[in-house]
1. Are there any trypsin sites (Lys or Arg not before Pro) in the stretch 119-220 that are in a DSSP loop and have at most 11 other Cβ atoms within 10 Å? List them by number.
2. Roll a 1.4 Å probe over the protein chains and send me the accessible area per residue for the stretch 1-159 in Å².
3. Just the accessible area for Glu150, please: 1.4 Å probe, Å², rounded to the nearest 10?
4. Can you tell me what percent of all Cα-Cα pairs in the stretch 1-140 are more than 17 Å apart?
5. Give me the net charge of Cys161's neighbourhood, meaning all other residues with Cβ under 10 Å from the Cβ of Cys161; Lys, Arg count +1, Asp, Glu -1.
6. Return a whole-number percent for the relative contact order of the stretch 122-229, with Cα pairs under 8 Å and 6 or more residues apart as the contact set.
7. Express in whole angstrom the spacing between the alpha-carbon centres of the stretch 80-141 and the stretch 11-48.
8. Starting from the amide H of Ala115, placed 1.01 Å from N in the peptide plane, find each other amide H under 5 Å away whose residue is 5 or more places distant or on another chain.
Amino acid sequence: MGVPLHELRDEKEVVAAVAGAMVAYATIFRCTGILHRDISLGNVLAVRQPDGSVHGMLIDFDHSALLDEERNVKKPGHVGTLPCMSTANLEGLDVSRTTLDDWEAALALLLCLAARPSRRDELCARLASVGSNGVAEFRREMFASRKSLEVTITDFIDPDCVHALRLIRALYVALFTHPSCAGTARRMLRGNRLVDPIVRRVQFAPEVHGRCLAVITGFLAQSRSGSLESLMALPKSTFVSFSSAGSGSTATLQPPPMAPVVCPLPVHPLLPVPLLPDLCGLGALRMKRKAHENVEASPRVKRRKMTHDDVGFAPANFAPPPAPDASAEDSSTVVGDTHS
């Protein structure tokens with residue numbers, strides 16, 4: 001039904017197959033709430049349509065899991081195929097897995113496909129490397145800012161892969177330049193509080209997921225129409241500039257959005273499934289409700305709600321117990337002496 005990506009000879013068709021597979025993934029997630037968790041070269045197939053166009057197909061859901069189940073995991077394990085695992089998955093961070101891990105896996109897949117043949121193995125090895133301290137230093141440095149990404153593109157990526165380069169840059173903007181969790185470099189905020197953008201990005205997963213999907217659908221529309229000169233422009237008010245992203249300077253993070261941003265999603269041609277209610281939005285509401293319950297059950301809130309009796313303070317109408325009778329003590333002493 002489909003052919004592996006390495007059997008395609010046109011770079012444009014390879015990129016279109018990956019983009020089409022991610023649209024199928026977004027449709028499956030919208031309908032079922034399932035995360036794939038293993039987006040890699042062997043799990044994306046290309047399907048040739050009767051009109052000659054190429055669509056992508058996503059296979060092998062052996063490692064898939066429901067989004068709600070992933071949120072209940074205390075410490076998610078390493079699931080996926082190297083070097084396409086996300087940074088959080090590669091480092092084993094104690095954070096729930098979301099659709100953003102699969103989008104980052106797709107970005108890593110595009111980087112490997114567009115790499116120069118002479119340096120592809122080196123790039124794949126670096127993408128899969130983790131230091132002795134448990135930190136994926138190459139990944140964090142590469143995705144820290146647009147400038148760092150361009151350095152990696154210059155060193156490893158084939159400049160003839162025009163379509164892959166346009167999609168890589170646009171997908172990076174959607175995935176790593178959110179104003180409240182830009183880049184991958186840990187930043188020190190006021191009060192000596194260290195914030196990891198990879199961990200904080202989970203709070204904005206519905207919004208960033210919608211931005212990534214908008215980039216993919218815009219790319220497919222423009223590639224099929226033959227116009228790739230101006231890839232879908234993202235609102236400037238939504239993302240920070242490239243110069244400030246990942247600079248490491250002290251910044252004040254914005255609070256997470258009160259309501260998730262839902263991007264309208266067309267039905268994929270290979271998956272004519274009627275769209276169900278937005279499970280991503282419902283999941284975000286459940287997370288918000290659970291966070292409120294955790295705050296109410298926190299020790300600090302409990303201490304604030306403790307009454308005077310709980311902490312041993314006497315109320316206003318408290319009367320001390322009567323003092324012992326001194327005459328009784330004297331009489332008992334006398335009786336004791338007489339008995340002896």
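1. Here the sparse-neighbourhood loop sites are Arg190.
2. Heavy-atom accessible area per residue stands at 41 Å².
3. Rounded to the nearest 10, the figure is 50 Å².
4. On the way: 5847 of 9730 pairs.
Across the stretch 1-140, Cα pairs with separations above 17 Å total 60 percent.
5. 0
6. In percent, rounded to a whole number, it is 21.
7. 17
8. Answer set, sorted by chain and number: Asp158.
The values are calculated or read from the model by the stated rules, or taken from the named source; none is laboratory data. All figures in this text were calculated on a predicted structure; none of them were measured in a lab. Cβ: placed from backbone, ideal geometry, glycine included. Neighbour counts: every protein chain shown. Side chains are part of the model used for accessible areas, which takes the heavy atoms of the whole protein and leaves out ligands, DNA and RNA. Shrake-Rupley method; radii C 1.70, N 1.55, O 1.52, S 1.80 Å.
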